[in-house]
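Below: one structure, written as structure tokens.
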Amino acid sequence: MSLLEVWQAAASSPFQPAVGKDSQLSLGLLLLLIGLVLTGLFGLNRSPLSIPLFGIPASLAFGFGAVYAICGFGVYV
């Protein structure tokens, strides 16, 4: 398949993001709130079991929440 054929095939199916522009801000702020709650729970219960239960989900929620909130405010990264 040539590059021109790939280009023309891609033109018929435009990119659809997983999260629309209208809901990025609300999803980002919700993830940041979830990350804040999980961080508080992690700080209150320091045990080896709390790392996979609270620590990892909190860091993921903060990471994705920050990106979605930044994009929702109109600063594209």
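The values are calculated or read from the model by the stated rules, or taken from the named source; none is laboratory data. Model, not experiment: these values are computed from the prediction. Reconstructed Cβ throughout: ideal geometry from the backbone, glycine too, with neighbour counts over all protein chains shown. Accessible surface is based on the protein model in full, side chains and every heavy atom, while ligands, DNA and RNA are left aside. Shrake-Rupley method; radii C 1.70, N 1.55, O 1.52, S 1.80 Å.
Quick notes on this structure:
- Residue-averaged 222 nm ellipticity for the chain, from DSSP H runs of 4+ at -39500 (n - 2.57), nearest 500: -20500 deg cm²/dmol
- The chain: DSSP helices with Cα axial extent of at least 20 Å and average Kyte-Doolittle hydropathy no lower than 0.5: 24-44, 56-73
- Descending by average beta-carbon neighbour count within 10 Å, the peptides 33-40, 9-16, 20-27 line up as 33-40, 20-27, 9-16, the highest first.
- Element breakdown for the chain at a 1.4 angstrom probe: carbon and sulfur atoms account for 74% of the accessible area.
- Across the chain, the mean sequence separation of Cα contacts (distance under 8 Å, 6 or more residues apart), normalised by length, yields a relative contact order of 40 percent.
- Put simply, the Cα atoms of the chain extend 58, 29, 16 Å along their principal axes, the longest span coming first.
- Note that the range 20-73 presents 65 Å² accessible area per residue, ligands and nucleic acids not counted, probe 1.4 Å.
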